[in-house]
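Okay, structure first, notes after.
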């Protein structure tokens, strides 16, 4: 197997663009709590949704690129133990799952309000409101994703402190 020291530029770009988009989406999502879901505030909700769908698409592209370039990705890190290996792999898989799941639930929430027909030229549905259950699932998935990102960043820092090797270099431009 022919390993590289760095990830392909396309994966590095998608990684950091996704991170920046998530920061912006999270901020917009927090501010949305102060606004009613109605025609006057629709552009705020559209921006949040558009950026969320962008993260979903970037994640799917990222998975495709990883699979296509699997043979030339950097080698796995040196794990301290089987538990460490399980944690690292689990966090990465869960990150991908929630990078897909959170935007999908958000899209379903908007779809079920009828607001998409408004975007296609129809009237704004006067009774449009989010399904409470879906909103709870979306919020849970967003906070789970945030927790996983914190765990991921913490893991990179701990690895550097324990081994004096930076794995961040593999993902820097």
Considering only 57, 100, 20, give the residue with the highest GNM mean-square fluctuation for the chain, with springs between Cα atoms whenever their separation is below 10 Å. 20
Which angle between 0 and 90 degrees, to the nearest 10, do you get for helix 42-68 versus the longest principal axis of the chain when only C-alpha atoms count? 30
Residue 97 paired with residue 16, simple spin-label distance in nm, labels 7 Å along Cα-to-beta-carbon: 3.0
For a footprinting-style exposure proxy, rank 98, 70, 37 by other Cβ within 10 Å, fewest first. 70, 37, 98
What's the angle, to the nearest 10 degrees (0 to 90), between helix 132-163's Cα axis and the longest principal axis of the chain? 20
Quick calc: nm separation of the 7 Å Cα→Cβ label points for residue 154 and residue 50 -> 3.6
Per-residue Cβ contact counts at 10 Å, fewest first, order 109, 171, 42 as 171, 42, 109
Given (i) 18.9, 60; (ii) 20.8, 76; (iii) 24.0, 90, the label whose value is Rg and Dmax of the Cα atoms in Å derived from this model: (i)
If one computes the Cα centroid of the range 68-85 and of the range 113-173, what distance in Å separates the two points? 24
Can you give the FRET efficiency for residue 124 and residue 84, using 1/(1 + (r/R0)^6), R0 = 41 Å, r = Cβ-Cβ distance, to the nearest 0.05? 0.20
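Laboratory data are not the source of any read-out in this text; all were calculated from the coordinates shown. Computed from a predicted model, the values in this text were never measured in an experiment. Cβ coordinates were reconstructed from backbone atoms using ideal geometry, including for glycine residues, and neighbour counts include every protein chain displayed.
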